[in-house]
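Below is one structure, written out as structure tokens, with a few remarks after it.
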């Protein structure tokens, strides 16, 4: 993944942007490193959560005709949305960071457990059962496990439906718990930056 940016250290010195633009790569930690022609080196920490980064990657794959990659990435974004929702809804119920980490470590590598936890929390939160779209799961399995390469129209349909599910979940969270959502995002950014800073050359 890549992001466009300028050097913020130049901005501080000049009082205006330097107009030296960079297309910067970033990966799992969502941190891009700027190294400008004046020798400044700084870090740009993305506010986007993992599911948002995956959606962007999936959309780019779809636009470029990589239908298998697009479908796999969009579904991964949905799974990370469940994870984000579990975090928000658990903390909204007073579960502290240590308790949450201990609980989530037991399910972090098992997506079925995460879906089950999300479904239970969704019912408690909304009073309505969350509907799993079995057709989406079946389509996803054919792509991931059988290596099926979808035609563009089918890939667009699949990704659109997954996107709608993600939006539906995030709307529940942002409408009811906007401050908590922002707090969790800020804490996530700080955590990633501190991990990165320890290894900053």
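Rule-based calculations on the coordinates, nothing more; no lab input. This one's a predicted model, so the numbers in the text were calculated from it and none came from an experiment. Positions of Cβ are generated from backbone atoms using ideal geometry, with glycine treated the same way; all protein chains shown enter the neighbour counts.
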Query - Alpha carbon centroid spacing (whole Å) that separates segment 38-56 from segment 87-154 - result: 25 Å
Report task. Arrange the peptides 159-168, 17-26 so that the one whose residues have, on average, the most other Cβ atoms within 10 Å appears first. Result -> 159-168, 17-26
Query raised in the report: Can you give the angle from 0 to 90° between the axis of helix 50-63 and the longest principal axis of the chain, with both taken from C-alpha atoms, to the nearest 10?
Result: 90 degrees
**Report entry** Label-point gap, in nm, between residue 142 and residue 42 - each point 7 angstrom along Cα→Cβ
**Finding:** 5.0 nm
Query raised in the report: Over the chain, what is the mean sequence separation of C-alpha contacts under 8 Å (at least six apart), divided by residue count, expressed as relative contact order in percent?
Result: 20 percent
Query raised in the report: So how tilted is helix 67-92 from the main axis of the chain? Cα-based, degrees 0 to 90, rounded to 10.
Result: 90 degrees
Report summary line: In degrees rounded to 10, the 0-90 angle between helix 178-197 Cα long axis and the longest Cα principal axis of the chain is 50 degrees
**Report entry** Theoretical gain in end-to-end length, residue 64 to residue 132 [0.36 nm per residue, Cα-Cα removed]
**Finding:** 21.6 nm
**Report entry** Mean separation of Cα contacts under 8 Å, 6 or more apart, over the residue count of segment 1-87: relative contact order %
**Finding:** 20 percent
Report summary line: Summing -39500 (n - 2.57) over every DSSP H run of at least 4 in the chain, dividing by its residue total and rounding to the nearest 500, the 222 nm mean residue ellipticity is -21000 deg cm²/dmol
Query raised in the report: What ranking, highest mean first, results for peptides 65-72, 79-86 when packing means the other Cβ atoms within 10 Å averaged over each residue?
Result: 79-86, 65-72
Query raised in the report: Build a GNM of the chain with springs between Cα atoms under 10 Å: which of 44, 124, 180 gets the top mean-square fluctuation?
Result: 124
